[in-house]
Amino acid sequence: MKQGLLYIFTGDGKGKTSAALGVALRACCANLKVAWVAWYKQASWQTCESNIVKLLPIDVFLLGKGFHLKTKNLKLRTKRLKTGAVIVDKVSEEEHKLAADAALTKAQEILKMQKYDVLICDEINNALYEKLISLKSVKELIGLRKKTHLVLTGRNAHSDIITLADLVTDMKKVKHPYDQGIPALEGLDF
């Protein structure tokens, strides 16, 4: 192939990161080199997928600052879920933007190196939608891919990015345990 494929996993349903990690698993089984850059997840969360480096030869960069909640006039932003759990956003808008820029820079560096066969940009669509990064910068990132296959995840994929993609899967929520008051389960949801 002259150019790597561009995959997008988007939508309101569960499974976007899971689908991307499925691609990563297949790539590893084919002896392809994989990198994963996360826009929101941070190392302190200790999600199960952050343990993937113990099982597979994937380079993981968790560069996020956690949940991003746009609420004005609050130093500590919170959102209560139907389950009763509370999401907390502990950092400023500027810190989120700096983290998103750092993730973008890392993804650019990875593509410029051309040593990876697959690059997963986890929740980059969210970062674009929430204006933490620009449409222009995401298009430029896509343009850097050369032979590297690029996987973009996250809700609200931009229509311009969808147009550029080779594969787009829109995860539609039909039913979710959260709707029944069941919190996220370790090993299934994170």
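Those helices (runs of 4 or more DSSP H) of segment 59-152 in which 1 or more residues are at pLDDT below 75 are absent.
Filter segment 26-57 for residues that are buried (at least 20 other Cβ atoms within 10 Å of the Cβ) and in contact with a Phe, Trp or Tyr (Cβ under 6 Å, 6 or more places away or on another chain); which is nearest to residue 125 (Cα to Cα)? If you could, list the steps in order and put the result at the bottom.
To start, the set of residues in segment 26-57 that are buried (at least 20 other Cβ atoms within 10 Å of the Cβ) comprises 27, 34-41, 49.
Still in the list and also in contact with a Phe, Trp or Tyr (Cβ under 6 Å, 6 or more places away or on another chain): 35, 37.
Details: 35: 17, 37: 13 Å.
Here the residue is 37.
Scanning segment 45-69 for residues that are in contact (Cβ under 8 Å) with a residue 12 or more places away in the chain and of a type in the set (S, T, N, Q) yields 47, 50.
For segment 1-25, residues that are open to solvent by 50 Å² or more (accessible area, probe 1.4 Å), within 26 Å of residue 179 (Cβ to Cβ) and not in a loop (DSSP other than H, G, I, E, B) total 1.
The values are calculated or read from the model by the stated rules, or taken from the named source; none is laboratory data. Just so it is clear, the model here is predicted, and its values are computed rather than measured. So basically every Cβ, Gly included, is an ideal-geometry build from the backbone, and we count neighbours across all protein chains shown. These accessible areas exclude ligands, DNA and RNA; they are computed on the full protein's heavy atoms, side chains included. Shrake-Rupley method; radii C 1.70, N 1.55, O 1.52, S 1.80 Å.
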